[in-house]
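Below is one structure, written out as structure tokens; comments come after it.
The values are calculated or read from the model by the stated rules, or taken from the named source; none is laboratory data. What you see is a predicted model; the values in this text were computed from it and never measured. Cβ placement follows ideal geometry from the backbone for every residue including glycine, while neighbour counts extend to all protein chains displayed. We work out accessible area using only protein heavy atoms, side chains counted, and drop any ligands, DNA or RNA first. Shrake-Rupley method; radii C 1.70, N 1.55, O 1.52, S 1.80 Å.
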Amino acid sequence: MLTEMPVASDTDLMVMRRDSRIARNRGPTAASSSPMPDLLPFGLTTLPEQHGLTGGPAQPSLRHPEKAGQLRRAVAVRHAWLPWDARCAHDGHMRLTTMTQITVDGVMQGNGHATPEELASGFTRDGWALGAFADDTGEMITGTYQRADAFLFGRRTYEMFAETWGTRPEMQAHPIGVALNESQKYVASNSLQQPSWGPVTPLPGDATAAIKELKESSSGEIQVHGSATLIRSLLAAGLVDELTLLVVPVLLGQGMRLFPDEGPAAALEVISSHTDARGVGVHVYRPAGQPEFHPARPT
């Protein structure tokens, strides 16, 4: 007599793929050696060897193989942060989170090396985040990518990532590269022609409407890295569930800022906040409605 086997849902399969990916890449080599600090989620155009990715892929080994099935979404314990599941409301909807490296004056452009187009436009103060992060922050960044179920990009960031994480063997073998290459990618763009870095789904037209529908019809976590214009539109539409800002202690004085001079106001709930050993502020926020204003204007 045949016993009917339970059928895994799409969400179950997504979680299984994620946990398998984490198990492959998390271990003493992947976590402790921390080749991550100079691998920047936006503006990365340097050669892999400049980021400590020389040689072949590391051979991962779990500290506790018997607990591989219990791996959960959690950020670095040394930060004393809450586990990811404890921070999220289990409403069955997909959570949209962002992670952005910025300067103290809010610039996010050129944290790696500037593109020829950026240099031609007059931007010259690139590379301000290279080597800026302590090892534990680098590990946290890697773990953040690993826990994602999907990624959302603007066109320029998608094309930049495709040319680096998507094509260079040294970067493909890195845990971040593994997470990016295996996960579903969405691109909010009306001008993207024949996307080649998959799995990928373009979102033309009204991107915010498409992303809203995606969040309501899916579960898990979708992450945005880089993509300043996209993040601005997502914040204005109220679609961001959590923001992580990595504030590098430098004033740049030029370049595109994450937040515009004129934009929507929002109160932020502080989920966690600390400064790493190299002075980088690591701040996690959750949008919390409208702020209260207390003007003291003369009458």
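A few notes on this one:
- Evaluation of residue 192 against the conditions (1) surrounded by 17 or more Cβ atoms within 10 Å (Cβ to Cβ); (2) closer than 25 Å to residue 103 by Cβ shows that the sole unmet condition is (2).
- Matching strands (runs of 3 or more DSSP E) fully within the range 229-299 where at least 2 residues are modelled with pLDDT under 95 and of a type outside the set (Asp, Glu): none
Conditions tested, residue by residue: (1) out of contact with any Lys or Arg (no Cβ under 8 Å at 6 or more places or on another chain); (2) at pLDDT 95 or above.
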site: 143; (1), (2): no, yes
site: 150; (1), (2): no, yes
site: 155; (1), (2): yes, no
site: 160; (1), (2): yes, no
site: 173; (1), (2): yes, yes
site: 194; (1), (2): yes, no
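- Residue within the range 220-239 that is out of contact with any Ser or Thr (no Cβ under 9 Å at 6 or more places or on another chain), within 28 Å of residue 117 (Cα to Cα) and open to solvent by 30 Å² or more (accessible area, probe 1.4 Å) present: yes
- Any hit, the range 282-295, residues being closer than 21 Å to residue 133 by Cα and without any contact (Cβ under 8 Å) to a residue 60 or more places away in the chain: yes
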